Ligand SMILES: [Zn+2]
C-alpha cells in the first residue's frame with residue numbers, strides 16, 4: 001500500500017470535484033468544475049481536475065478513485081445505467097477512459113458507494129464492521145458496507161431509493177410508491193407544495209418552495225414544513241428496518257443535502273425504530289454523516305488507496 005496521497009473524484013450531475021487526499025483522510029487540495037455534456041467530455045474535465053488538484057498540492061498521486069453517478073459495473077468500470085440528466089454517460093468506461101487520460105490506475109464505484117466508504121473509513125461509522133449508507137439528495141441513494149468491505153453486487157446493491165411500499169406517489173423512475181417519493185429533497189418540495197396548495201406545486205424547479213426554505217419554515221413553527229420532514233424521517237426509518245431485517249446491519253449513516261436537517265428528520269426516524277424494533281433484538285444505531293460534502297471524494301480516494309495494495 002502506498003504511503004503517498006491518492007486522488008478522489010466525485011462525478012455528479014451539476015459538478016465534478018477532484019481532491020488530493022492523504023492516507024489518513026486529510027484533504028490537501030481540491031478542484032471543481034461544472035459537469036459538461038457527454039461521457040468523453042466528463043472524463044476530460046475529471047482528468048484535468050485531478051492534475052490541477054495534484055499540482056496545487058505539489059504532489060504526485062499514486063492512483064485515482066472515482067465515485068460516479070449511476071450504476072457502475074464493478075468488474076469493468078463501465079457505466080451501466082444513469083438518469084437521463086447524464087447525456088452520453090451510459091456506456092462510458094470510466095476506468096480505462098480516465099486511466100488513459102491520467103496514466104494512473106483508476107478504481108470506480110458509484111457515488112453513494114464512495115460516500116459510504118468515506119464514512120466507514122474516516123467518518124461516522126468508522127471502525128464499524130457492517131453498515132448501510134443512505135444519501136438523501138435530489139433523489140435517494142443507498143450503499144452497503146458488509147464485514148469490513150463495500151458490497152456492490154452487480155453494481156446496484158443497496159440502492160434503496162426505488163424500494164416499493166411507501167405510498168402511491170409517482171416516482172422519478174416512472175413507478176409508484178418508492179422511498180424516494182417521500183425522502184428526497186425533490187419529494188419534500190413536491191409534497192410541501194401539494195399540502196399548502198396553490199402556486200408552485202412541484203417544488204422549487206416548478207417555481208415553488210425549495211427544501212432549504214421549507215427547512216427554515218419548519219424551524220419557525222410551520223406545521224406543514226415540519227410534517228414533510230417528519231414523513232421523510234419516518235420513511236427512512238422504515239427503510240432502515242428493512243435493511244436491518246435483511247442484513248442485520250447494526251449501523252446506518254445518513255448523508256446528502258436533506259440530512260443537514262437531521263434534527264427535523266431524527267425524531268420520526270427514531271420513533272419508527274422504537275415502534276417496530278427488529279425481532280433479532282439487535283439495536284440499530286442511525287448516525288448523521290460526519291464528512292459532509294467531502295465524503296464522496298474522500299471515500300473514492302480511500303478506494304484508490306486500498307487498490308494500491310495490489311499494484
Ligand atoms: Zn422509483
Taking the stretch 136-191 and the residues there that are assigned to a helix (DSSP H, G or I) and closer than 29 Å to residue 121 by Cα, the one that is nearest to the ligand (Cβ to nearest atom) would be 162
Residues in the stretch 269-311 that are more than 17 Å from residue 24 (Cβ to Cβ), part of a helix (DSSP H, G or I), modelled with pLDDT under 95 and in contact with a helix residue (DSSP H, G or I) (Cβ under 8 Å, 6 or more places away or on another chain) total 0
Taking first residues from the stretch 175-196 that are free of Cβ contacts under 8 Å to residues at least 60 places away in the same chain and under 12 Å from residue 233 (Cα atoms) and second residues anywhere that are away from the ligand (no atom under 16 Å from the Cβ) and assigned to a helix (DSSP H, G or I), the pairs with Cβ under 6 Å that are 6 or more apart or on different chains are 182/231
In the stretch 75-108, residues that are at positive phi and touching a residue at least 24 places away in the same chain (Cβ under 8 Å) total 3
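Got a sec? Which of 85, 76 is in contact with a helix residue (DSSP H, G or I) (Cβ under 8 Å, 6 or more places away or on another chain) and in a loop (DSSP other than H, G, I, E, B)? Steps first, please.
Working: 85 fails: in contact with a helix residue (DSSP H, G or I) (Cβ under 8 Å, 6 or more places away or on another chain).
None of the others qualify; the one that does is 76.
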Screening 237, 208, 233 for residues that are in contact with a helix residue (DSSP H, G or I) (Cβ under 7 Å, 6 or more places away or on another chain), in the same structural domain as residue 188 (by TED's automatic domain parsing), surrounded by 19 or more Cβ atoms within 10 Å (Cβ to Cβ) and over 30 Å from residue 282 (Cβ atoms) leaves only 208
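Residue-by-condition table, conditions (1) surrounded by fewer than 22 Cβ atoms within 10 Å (Cβ to Cβ); (2) under 17 Å from residue 111 (Cα atoms); (3) in the same structural domain as residue 68 (by TED's automatic domain parsing):
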residue	(1), (2), (3)
254	no, yes, no
275	yes, no, no
285	yes, no, no
298	no, yes, yes
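Can you tell which of 232, 261, 301 is touching a residue at least 60 places away in the same chain (Cβ under 8 Å) and farther than 15 Å from residue 115 by Cβ? Before you say what the answer is, go through the steps one by one.
Values: 261 fails: touching a residue at least 60 places away in the same chain (Cβ under 8 Å); 301 fails: farther than 15 Å from residue 115 by Cβ.
Matching residue, one of 232, 261, 301: 232.
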Scanning the stretch 254-265 for residues that are within 20 Å of residue 178 (Cα to Cα) and either in a helix (DSSP H, G or I) or touching a helix residue (DSSP H, G or I) at 6+ places or on another chain (Cβ under 7 Å) (or both) gives 254, 255, 257, 258, 259, 265
The condition from (1) farther than 25 Å from residue 213 by Cβ; (2) touching a residue at least 12 places away in the same chain (Cβ under 8 Å) that residue 275 misses is numbered (2)
Residue 218 vs (1) in contact with a strand residue (DSSP E or B) (Cβ under 6 Å, 6 or more places away or on another chain); (2) farther than 27 Å from residue 114 by Cα; (3) away from the ligand (no atom under 15 Å from the Cβ): all pass except (1)
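Any residue that is more than 22 Å from residue 75 (Cα to Cα), crowded, with 16+ Cβ neighbours inside 10 Å and touching a residue at least 60 places away in the same chain (Cβ under 8 Å) - is there at least one of those in the stretch 144-152? Steps first, answer last, please.
Here is the first cut: in the stretch 144-152, the ones more than 22 Å from residue 75 (Cα to Cα) are none.
So far as the stretch 144-152 goes, no, none of its residues is more than 22 Å from residue 75 (Cα to Cα), crowded, with 16+ Cβ neighbours inside 10 Å and touching a residue at least 60 places away in the same chain (Cβ under 8 Å).
The values are calculated or read from the model by the stated rules, or taken from the named source; none is laboratory data. Computed from a prediction, not measured in an experiment: that's the story for all the values here. Using ideal geometry, Cβ is built from the backbone for each residue, glycine included, and neighbour counts are taken over all protein chains shown.
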